[in-house]
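Chemist: Could you have a look at this structure, given as structure tokens, before my questions?
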Amino acid sequence: MTESRLLTTIEQPQRQGCRRVINLLGPALPPPTIGHQVELADGRKLGYAEFGDPTGKPVFFFHGMPGSRLFRHPDDSIPTELGVRLIIVDRPGIGLSDLKPKRKLIDWPDDVIGLADALQLDRFAVAGVSAGGPHTMACAYKIPHRLSGVALVSAAAPHRAPGVTEGMNPRIKSSFQTAGCGCLPWWSLLPAMIIYARSGRHQPEKIWQRMIDASPPVDQTLLREPAVKAVFLESLQETYRQGPNGHIFDALAIARDWGFHVKDITAPVQLWQGLADPQVPPAMGRYLAETIPTCHPHFIPDEGHLMMFKADIWRDILAGLVEG
């Protein structure tokens with residue numbers, strides 16, 4: 001097996017699926033202006049972007065869903081001031097990362113190790129928001145010896161755990177129940193996701209508006225901030241650069257069996273949960289806080305799913321990882 005290696009040029013990700021489906025998504029996006037790639041041991045390319053202090057403490061940040069390597073707090077001076085080298089990674093099939101069909105959540109730490117080795121990083125912190133939370137927990141379980149810190153932000157819990165969906169947005173709850181039942185083939189999700197991906201690529205404001213409509217007032221205010229909106233729109237386009245399959249397999253990896261139990265996590269974990277979050281409700285945060293034996297929780301009153309877009313909270317999250 002060959003080692004991961006840095007690539008000096010950005011190549012277009014492998015196209016997945018038939019030409020007809022690609023055409024349904026409309027014209028291709030222009031080449032990205034922000035991003036890098038590594039080639040993993042199995043030949044797949046993994047995309048990522050870096051922000052903050054290039055010589056600082058490395059923090060791998062895992063985006064939500066939809067999301068991409070551009071999803072972050074818009075003030076890039078915050079990680080710079082804290083001495084954080086923020087490395088945001090496209091998951092398979094998203095942005096600049098090649099698709100890995102039928103991947104499992106427990107596979108993700110291997111990709112992270114491939115990237116870390118290519119960047120010559122022995123130890124690093126990991127953090128994830130929303131759907132990035134389970135990917136962070138997979139790392140905390142599988143590669144604790146490589147981690148200097150772990151942060152879960154508005155992080156999804158295993159959906160089959162008792163009581164965790166209490167207070168969850170009904171539409172999101174139904175979507176994960178459908179994805180997690182295992183009775184439907186992945187391609188049955190394509191028709192709806194093709195339409196969604198086309199909007200994400202060419203009319204991202206439609207999805208942004210849909211997010212506002214489904215969000216509590218505190219998150220609506222954040223989403224309407226010009227700098228936050230700009231990050232969302234850019235990230236949405238990159239989410240669907242290759243089409244809908246990355247989103248589909250991302251959802252399936254989270255909704256189905258994770259391949260580990262969170263009670264077996266040994267790495268120290270900081271958890272950040274808003275108590276006014278209807279997407280990842282407080283019941284999920286409480287379950288994780290009670291079940292992960294090394295968890296140190298921060299429950300924030302009156303904050304929603306997007307609290308990381310508040311500068312003071314984002315600063316606290318990163319500072320906690322730096323102090324690790």
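The values are calculated or read from the model by the stated rules, or taken from the named source; none is laboratory data. Remember, predicted model here, so these are calculated numbers, not experimental data. For neighbour counting, all protein chains shown are included, and Cβ atoms are generated from backbone atoms with ideal geometry for every residue, glycine included. Ligands, DNA and RNA are stripped out before the accessible areas are found, and what is left, the full protein with its side chains, is counted by its heavy atoms. Shrake-Rupley method; radii C 1.70, N 1.55, O 1.52, S 1.80 Å.
Chemist: From the list Gly114, Gly133, which residue is in a helix (DSSP H, G or I) and under 14 Å from the mean Cα position of the chain (by Cα)? Outline the logic, then answer.
Modeler: Numbers: Gly114 fails: under 14 Å from the mean Cα position of the chain (by Cα).
From the options Gly114, Gly133, the qualifying one is Gly133.
A quick yes/no check of all residues on (1) farther than 20 Å from Pro101 by Cα; (2) in contact (Cβ under 8 Å) with a residue 24 or more places away in the chain; (3) not in a helix (DSSP H, G or I):
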site: Gly246; (1), (2), (3): no, yes, no
site: Ala253; (1), (2), (3): no, yes, no
site: Pro278; (1), (2), (3): yes, yes, yes
site: Ala289; (1), (2), (3): yes, no, no
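Chemist: Mind checking which residues of region 65-96 are assigned to a helix (DSSP H, G or I), open to solvent by 10 Å² or more (accessible area, probe 1.4 Å) and not β-branched (Val, Ile, Thr)?
Modeler: Ser77, Glu81, Leu82
Chemist: Being in a loop (DSSP other than H, G, I, E, B), under 24 Å from Gly274 (Cα atoms) and in contact (Cβ under 8 Å) with a residue 24 or more places away in the chain is the filter here; which residues of region 140-161 pass it?
Modeler: Hits for region 140-161 are Ser154, Ala155, Ala156, Ala157, Pro158, His159, Ala161.
Chemist: If we keep just the residues of region 38-53 that are farther than 25 Å from Val84 by Cβ and outside any strand (DSSP E or B), which is most open to solvent (accessible area, probe 1.4 Å)?
Modeler: Asp42
Okay, residues lined up against (1) open to solvent by 20 Å² or more (accessible area, probe 1.4 Å); (2) among the acidic types (Asp, Glu); (3) farther than 27 Å from Tyr287 by Cα:
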| site | (1), (2), (3) |
| --- | --- |
| Ser148 | yes, no, no |
| Ala155 | no, no, no |
| Val164 | no, no, no |
| Ile172 | yes, no, no |
| Glu234 | yes, yes, yes |
| Gln242 | yes, no, yes |
| Ile248 | no, no, no |
| Leu252 | no, no, no |
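Chemist: Limited to region 54-64, what total is found for residues that are over 12 Å from Val112 (Cα atoms) and open to solvent by less than 10 Å² (accessible area, probe 1.4 Å)?
Modeler: The number of residues fulfilling the criteria is 2.
Chemist: What number goes with the only condition from (1) of a type outside the set (A, V, I, L, M, F, W, C); (2) surrounded by fewer than 24 Cβ atoms within 10 Å (Cβ to Cβ); (3) under 20 Å from Trp108 (Cβ atoms) that Pro226 does not pass?
Modeler: Unmet for Pro226, out of (1) of a type outside the set (A, V, I, L, M, F, W, C); (2) surrounded by fewer than 24 Cβ atoms within 10 Å (Cβ to Cβ); (3) under 20 Å from Trp108 (Cβ atoms): (3).
Chemist: Hey, among Gly67, Gly83, Gly149, Gly93, which residue is farther than 30 Å from Pro226 by Cα and in contact with a helix residue (DSSP H, G or I) (Cβ under 8 Å, 6 or more places away or on another chain)?
Modeler: Within the list Gly67, Gly83, Gly149, Gly93, the selection yields Gly149.
Chemist: Looking at (1) over 17 Å from the mean Cα position of the chain (by Cα); (2) of a type in the set (A, V, I, L, M); (3) farther than 21 Å from Ile317 by Cα, which one does Leu96 not meet, given that it meets all the others?
Modeler: Condition not satisfied by Leu96: (1).
Chemist: Being of a type in the set (Ser, Thr, Tyr), surrounded by fewer than 17 Cβ atoms within 10 Å (Cβ to Cβ) and free of Cβ contacts under 8 Å to residues at least 60 places away in the same chain: is that true of Thr266 here?
Modeler: no
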